[in-house]
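The values are calculated or read from the model by the stated rules, or taken from the named source; none is laboratory data. Only a predicted model underlies this, so the values are computations on that prediction, with no experimental measurement involved. For neighbour counting, all protein chains shown are included, and Cβ atoms are generated from backbone atoms with ideal geometry for every residue, glycine included. Areas reflect the complete protein model, heavy atoms only, side chains present, ligands, DNA and RNA absent. Shrake-Rupley method; radii C 1.70, N 1.55, O 1.52, S 1.80 Å.
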Amino acid sequence: MRNALRAMVILGVLGVLEAVVFVPMNAMAAKPTNKVACCFSEHGAPACGQFTQNNCDKHGGTSLGAVSCAHNPCRSSSTTTTTTGPATTSTTGAATTSTTGAATTSTTGAATTSTTGAATTTTSTAAATTTTSTAASTTSTIATTTTSTAASTTSTIATTTTSSTTTTTMGAMSLKYTTAAGTTACGGAGFSSPAGAPFSGEIDSDVACTTKTFDLGSSCLYIGGGSASTVPPGATPAGASSYLDVGAGNALVASNGTGKLDCTKGSSTTAKHCVNANAPQPTCTSDADCGGTAGACQPVENCLFGPPLAIQNPAVPSLATCVINVIATDASGTSDPTTGAASVDIPLVSRVYLTGNEAAPCPQCSGGTCSAGPNSGMPCTTNATTGNPATSNTTHDCPPEEGSGLFNGALSVDLNPLTTGSSSKTSSTGVFCSGQTHAGAFGQVATRCIQETGSPAGNLTDGMPHAAREATVFCIPATSNGTVNIVADLPGPGATSLPGEAQIVPTP
């Protein structure tokens, strides 16, 4: 069986070679009609003889069929088509692949396997026929496509994509609040003339705070009990800034600000000086070191709250006063930057000086110089406005005369809460503060409710300034001047609102 298969292969190859390559040169080399070309070994070499089939079998030969021995076809019948160099693929007919070289693969017809020599693999394929020739090989195909290709090299470049996330950590932040103007008409003493819009609160004659008697003007400061009918409300200065640092959980803590005029830190706990004398104010340990004037030996201030506050007294002009507000202990509070809501506690000490100048209770900065006081004629700057020429343009560059007996006491005033929400006091008897002599508030004896309403700034996380309003209702203690206490009806309640702009900024 093996010899038969070999013979079939050899015959196929010889047939192709004869048809394509070899052209008979001698017409006399005719093929015998009754004999076959028999290939046999003679002296170790392949020989061809014209034998009958039986004689060919007896000699152990291999019949090549009715072909001529003229060119001794037996020399090539034992030769496998060899292609030098890289592997060569030869395909004949349908689905025939033959590769020779170091490893020879020959496929003839469907599923026919022939292995010759070492490492020979035969594969049968019924797909399209492709012959590839490399180097100096010759490939002959019938009805095939021949493609010559060189060695193919494929390079793969691995691409690595790196995704990075940048985290920006914001530094320390602070809530900056700058006061703005409110109403231009705070009204007369005891509401002899009512306040003008915009309003920020009201007084009511019932503890339910539903029966309004008078509106409270925005930015106006109201003071005193039910008999306080001579001191009119006045506007708080616009243009003053204060800083509170934003701590953990959006808590508000005292800030160093940019300096003494806008920080919110408390006064010294070790050093004191006499505030009833002009600068430089002498140090002290008790009021005795300051001439015995009650309340004159005060802690050295670190931060001031707003510019000097001028308070007129039309009924008794000699009682016109200038008030310097000092932050007594560290301010604190809570905030929600996403809504702009805030509530703070600012403990103050209000130093009261009776200047007796109704036209300008506090010295003013006019044309870049101080108009009065110990710094009269010296350079100054201001941006404090109230809408009232008598109370505007005040500045700490131009302090009031603090000596000469004008000091009238240091009042502890706690603005708590100073809030963008609502602040109120109610009393069924009309006595809102400890020691209050006359029931009522701000010259209205029937008052049982005082309320001020703030306004949150809205989302402050954009870092931009937003309009807001802070409001507070508080108590004012008595001064050391009995006349002032009677005229202003102190101790008694106080109320004010501070319209302005809130902004979250980097801590100065």
- Restricting the search to region 191-216, which residues are under 15 Å from Gly440 (Cβ atoms) and of a type in the set (Val, Ile, Thr)? Ile203, Val207, Thr211, Thr213
- Of the residues in region 309-348, those that are closer than 18 Å to Ser255 by Cα and hydrophobic (A, V, I, L, M, F, W, C) number 8
- Matching residues in region 443-453 - criterion: being out of contact with any Phe, Trp or Tyr (no Cβ under 8 Å at 6 or more places or on another chain) and open to solvent by 10 Å² or more (accessible area, probe 1.4 Å): Val445, Ala446, Arg448, Gln451, Thr453
- Task: State whether the residues of region 338-355 include one that is among the small types (Gly, Ala, Ser), closer than 26 Å to Ser318 by Cβ and in contact with a Pro (Cβ under 6 Å, 6 or more places away or on another chain).
- Result: no
- Task: Pull up region 247-277, narrow it to residues that are open to solvent by 40 Å² or more (accessible area, probe 1.4 Å) and assigned to a strand (DSSP E or B), then point me to the one that is nearest to Glu452 (Cα to Cα).
- Result: Val253
- Any chance Thr329 is within 26 Å of Gln281 (Cβ to Cβ), touching a residue at least 40 places away in the same chain (Cβ under 8 Å) and within 42 Å of the chain's Cα centre (by Cα): yes
- Message: Can you report the number of residues in region 293-329 which are open to solvent by less than 40 Å² (accessible area, probe 1.4 Å) and assigned to a strand (DSSP E or B)?
- Response: 13
- Message: Just to verify a result, which residue in region 388-442, among those that are within 21 Å of Asp215 (Cα to Cα) and among the aromatic types (Phe, Trp, Tyr), is least open to solvent (accessible area, probe 1.4 Å)?
- Response: Phe442
- The lone condition Thr461 fails out of (1) out of contact with any Leu (no Cβ under 6 Å at 6 or more places or on another chain); (2) polar (S, T, N, Q); (3) under 28 Å from Ser205 (Cα atoms) is (3)
